[in-house]
Amino acid sequence: MKKLLLKRTKILSTVGPAVNSYEKLEQLIKAGANGFRFNFSHGTFEERVEQFNWLREASEKLGRPVAILQDLQGPKIRLGMLKDDMRMDVKAGDEIVLAYGIEHDGSNNIPVQYNLAEKVKPGEPLYIFDGKIRTKVITKESDTAIRVRVENDGTLMSRKGINLPDTDFGGDILTEKDLADIEFGATQDIDFVALSFVQNAGDIDNLRQILVSHNSEAQIIAKIETKSAIKPETLEEIVKASDGVMVARGDLAVEAGAEVVPIVQRQIISLCRKYGKLSIVATQMMGSMVDNPEPTRAEVSDVSTAVIIGADAVMLSDETANGSYPIETVKAMRDVILYTQDHIDIIPADNQIKSGDWRNAISHAAVNLAKELDVDAIVAETKTGATAANVAAFRPNIPIISVTSEKRSAQQLALSYANRSFIRPDGERAGVQLAKELFDNGMFGDVDNITVAVISGRQPGVSGETDTIRVRSFSR
């Protein structure tokens, strides 16, 4: 008898011009996308409202809750426009001035879109164009300009990004644009807000206060892409303060060195498992599929590795936002996830799940019981999603069927490991009834009977009351 195989590591797809229609977004959900990232460096509020509406309509039609993630731009530091959009060659030993608020006249006085003089200090490294041009700060020329010395030959072009791996932004990572985007997002059906260039846990606390002031229910995803954020004690505090962490491998590679990224990725996923937080692996997971219909072997291995070390979700950026094969990319990623999880177990976490929490103890017991009895699924009755997320932290190798009366919880759980969420009214037998309904409707596949472990509380619909595990079987 064939059983239905649900992927446990989820897929987060970026929305852009390549999928800017209701039909394309519906196809992405059908292909296996569980969440959708919106890069707020681009697009208008009007475009976002239309896209959000399309997604919720498609989600409702397909009966699959999906997550919406608002990715804040953060202090994107870039060169300004060079004269006549020229290409400017520089050589090792050259000195250039990076000045805020000027127009380029063709000289070595280069415009920048951020006042670097307020933050950088002499001796700090400054990298331009994804690290292709490395410089060091020599001096502060004025209140709005700094002088740097070039350390390698290269070419400058308009609007190329700048990285400052050793610069302390002192908590000043939310721009006026970010604050306006947060205010807009609080009026929309947004499930997660991703904070760019996080340096410490205080950045998360600051954003949380702002979200609360706007009555937002969105959870916070910390993007790890700075050198300061990956210090061991800092990283653990960031994980604890946030609701999830994104390994933003592109900027992290520039700021800290490409060689550190695989190790930091594993450390982050392990910490997220320890504290029951979402982990998302991002950047170039299937980058070649922007232009090609098949992934490279290295990309397949990359996605498979993320599954094996227990990531909650893997993310697609340009592949779905601007690529020629967005639907095919999601399908290819789904196939890799399913094959991997069906042929190898998840590597045990480097850190034990934090102890001293009775909900963790109940969740752990449910996972152990499910394994011992070889059940087909764990059914979690949950109000806020915390119970289902805690079960997911123990990385069971079977589906977690989460049932909640809260739409927001169902949508946020769409990115949680192994979770398939359903919205149902609170009730004493909500989990059992859902399991029977899904069995009768064939969701468990072509089988004659199933057994599930149901984790619930004595007071349905009351948060924090999970204390019971039941085992139920259903037959044709």
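The values are calculated or read from the model by the stated rules, or taken from the named source; none is laboratory data. None of these values were measured; they are calculated from a predicted model. When we count neighbours, we look across all protein chains shown, and the Cβ atoms used for this are built from the backbone with ideal geometry, even at glycine.
Does residue 155 fit the bill of being touching a residue at least 60 places away in the same chain (Cβ under 8 Å), more than 30 Å from residue 411 (Cα to Cα), surrounded by fewer than 21 Cβ atoms within 10 Å (Cβ to Cβ) and of a type outside the set (A, V, I, L, M, F, W, C)? Against the criterion (touching a residue at least 60 places away in the same chain (Cβ under 8 Å), more than 30 Å from residue 411 (Cα to Cα), surrounded by fewer than 21 Cβ atoms within 10 Å (Cβ to Cβ) and of a type outside the set (A, V, I, L, M, F, W, C)), residue 155 qualifies.
Among the criteria (1) within 21 Å of the chain's Cα centre (by Cα); (2) farther than 26 Å from residue 438 by Cα; (3) assigned to a helix (DSSP H, G or I); (4) hydrophobic (A, V, I, L, M, F, W, C), the one residue 361 does not fulfil is (1).
Residue count for segment 261-281 satisfying the condition of being free of Cβ contacts under 8 Å to residues at least 60 places away in the same chain and part of a strand (DSSP E or B): 2. Determine whether residue 368 is in a helix (DSSP H, G or I), buried (at least 16 other Cβ atoms within 10 Å of the Cβ) and not charged (D, E, K, R). It is false that residue 368 is in a helix (DSSP H, G or I), buried (at least 16 other Cβ atoms within 10 Å of the Cβ) and not charged (D, E, K, R).
Pairs meeting the criteria (first residue in segment 192-208 and touching a residue at least 40 places away in the same chain (Cβ under 8 Å) and under 9 Å from residue 72 (Cβ atoms), second residue part of a helix (DSSP H, G or I) and not hydrophobic (A, V, I, L, M, F, W, C), beta carbons under 7 Å, at least 6 apart or on different chains) are 193/185; 195/203. Selection of strands (runs of 3 or more DSSP E) fully inside segment 388-475 by the criterion of at least 3 residues being within 30 Å of residue 280 (Cβ to Cβ) and out of contact with any Leu (no Cβ under 9 Å at 6 or more places or on another chain) returns 449-457. Checking each residue in segment 182-197 for being modelled with pLDDT of 95 or more and under 22 Å from residue 163 (Cβ atoms) picks out 194, 195. Count of segment 31-58 residues, restricted to those that are touching a residue at least 60 places away in the same chain (Cβ under 8 Å) and of a type outside the set (Phe, Trp, Tyr), is 10.
In segment 13-27, the residues that are under 18 Å from residue 45 (Cβ atoms) reach residues that are at pLDDT below 95 with C-beta atoms within less than 8 angstrom, at least six apart or across chains, in these pairs: 16/42.
Of all residues in segment 43-74, those satisfying the criterion of being part of a loop (DSSP other than H, G, I, E, B) and surrounded by 14 or more Cβ atoms within 10 Å (Cβ to Cβ) are 43, 64, 65, 66, 72, 73, 74.
Considering the conditions (1) of a type outside the set (A, V, I, L, M); (2) within 30 Å of the chain's Cα centre (by Cα); (3) on the phi < 0 side of the Ramachandran plot, residue 151 is excluded by exactly one of them, (2). Are there any strands (runs of 3 or more DSSP E) wholly within segment 183-250 with 1 or more residues that are closer than 16 Å to residue 270 by Cα and out of contact with any Pro (no Cβ under 8 Å at 6 or more places or on another chain), and if so which? It comes to 219-224, 244-248.
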